[in-house]
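Have a look at the structure below before the remarks.
The values are calculated or read from the model by the stated rules, or taken from the named source; none is laboratory data. Please read these numbers as outputs of a predicted model, since none were measured by experiment. Positions of Cβ are generated from backbone atoms using ideal geometry, with glycine treated the same way; all protein chains shown enter the neighbour counts.
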Amino acid sequence: MPDPRVSKLAKVLTSYSLELKPGQQFWLRTTPLAQELNLALYTEAVKAGAYVWVQQSIPGAEQAFFRYASDELLGFVSPVRKLIAETFDAEMYIIADENTKSLAGTDPSRIARFRKAGAELTATSMRRTAEGRYRWCVTLFPTPALAQDADMSLADYADFVYAAGMLNEEDPVTFWRNEGRKQERLVGWLKGHRHPSPHRRSQV
């Protein structure tokens, strides 16, 4: 039976975190290990009227890439990735690792070369985020590897993750919206009650 907390998480991510709207282009980055959340997220995104492009990584592919890719491949910037950075509206990245140490033996310089090649696209995404034209979010789906890193059983780790997301609430979307409004009021109050620095000298 599907975990109802997963369905709630999908609603929080699409309705609150990303606020998907009809006609928006949505990039879902994930792995097969998060299949339950993948389907729930995809369903909610389609309900919201978004155009979804799913990118599912192959377990072990990243390790193979950094081991065998030529310098030319390491420096290649995908035109698909460029299109996403420049035109898409939202991105969701789901952490669902099969092996959190898969790149432990990889030459760091090869990873750095690959990241440097995509630095301009990352800057484009961050600029569009600051302009309010691109929304992105990162979440995780409990896997045995992640649970082991936390020194917890998978069931206990899942309970911990979902409790942190307030997914035991009857309506977590409403909960987070209320929390968001509280934080906005607090920020507004702090801005209106700033005190001069005790180190600042008054000029007469």
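Computed quantities for the displayed model
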| item | result |
| --- | --- |
| Any chance Arg5 is basic (Lys, Arg), in contact with a helix residue (DSSP H, G or I) (Cβ under 9 Å, 6 or more places away or on another chain) and within 17 Å of Gly118 (Cβ to Cβ) | no |
| Region 163-192 residues that are closer than 19 Å to Arg5 by Cβ, paired with ones that are surrounded by 12 or more Cβ atoms within 10 Å (Cβ to Cβ) and β-branched (Val, Ile, Thr) (beta carbon under 7 Å, 6 or more apart) | Gly165/Val12; Pro172/Val12; Val173/Val12; Trp176/Val12 |
| Residues of region 103-129 satisfying the condition of being within 16 Å of the chain's Cα centre (by Cα) and loosely packed, with under 13 Cβ neighbours inside 10 Å | Thr122 |
| Residues being surrounded by fewer than 17 Cβ atoms within 10 Å (Cβ to Cβ), in a helix (DSSP H, G or I) and either of a type in the set (Gly, Ala, Ser) or at pLDDT below 95 (or both) - total across region 149-168 | 3 |
| Pairs where the first residue, in region 26-40, is modelled with pLDDT of 95 or more and the second is small (Gly, Ala, Ser) and in a strand (DSSP E or B), C-beta under 8 Å, 6+ apart | Phe26/Ala90; Trp27/Ala90 |
| Any chance Ile58 is without any contact (Cβ under 8 Å) to a residue 40 or more places away in the chain, more than 30 Å from Glu170 (Cβ to Cβ) and of a type in the set (Val, Ile, Thr) | yes |
| Residue match in region 20-28 (condition: of a type in the set (A, V, I, L, M, F, W, C), surrounded by fewer than 15 Cβ atoms within 10 Å (Cβ to Cβ) and either closer than 28 Å to Ala130 by Cβ or in contact with a helix residue (DSSP H, G or I) (Cβ under 9 Å, 6 or more places away or on another chain) (or both)) | no |
| Total residues in region 25-49, condition more than 17 Å from the chain's Cα centre (by Cα) and outside any helix (DSSP H, G or I) | 2 |
| Complete set of residues in region 52-99 that are more than 17 Å from the chain's Cα centre (by Cα) and hydroxyl-bearing (Ser, Thr, Tyr) | Tyr68, Ser70, Ser78, Thr87 |
| Unmet criterion (only one of (1) within 19 Å of Thr129 (Cα to Cα); (2) in contact (Cβ under 8 Å) with a residue 60 or more places away in the chain; (3) in contact with a strand residue (DSSP E or B) (Cβ under 9 Å, 6 or more places away or on another chain)) for Tyr16 | (3) |
| Residue in region 112-127 that is aromatic (Phe, Trp, Tyr) and closer than 27 Å to Glu19 by Cβ present | no |
| Among residues of region 21-54, those that are under 20 Å from Val173 (Cα atoms) and touching a Phe, Trp or Tyr at 6+ places or on another chain (Cβ under 6 Å), counted | 3 |
| Single unsatisfied condition, Asn178 versus (1) of a type in the set (S, T, N, Q); (2) surrounded by 12 or more Cβ atoms within 10 Å (Cβ to Cβ); (3) part of a helix (DSSP H, G or I) | (2) |
| Verdict on Phe88 being buried (at least 17 other Cβ atoms within 10 Å of the Cβ) and not charged (D, E, K, R) | yes |
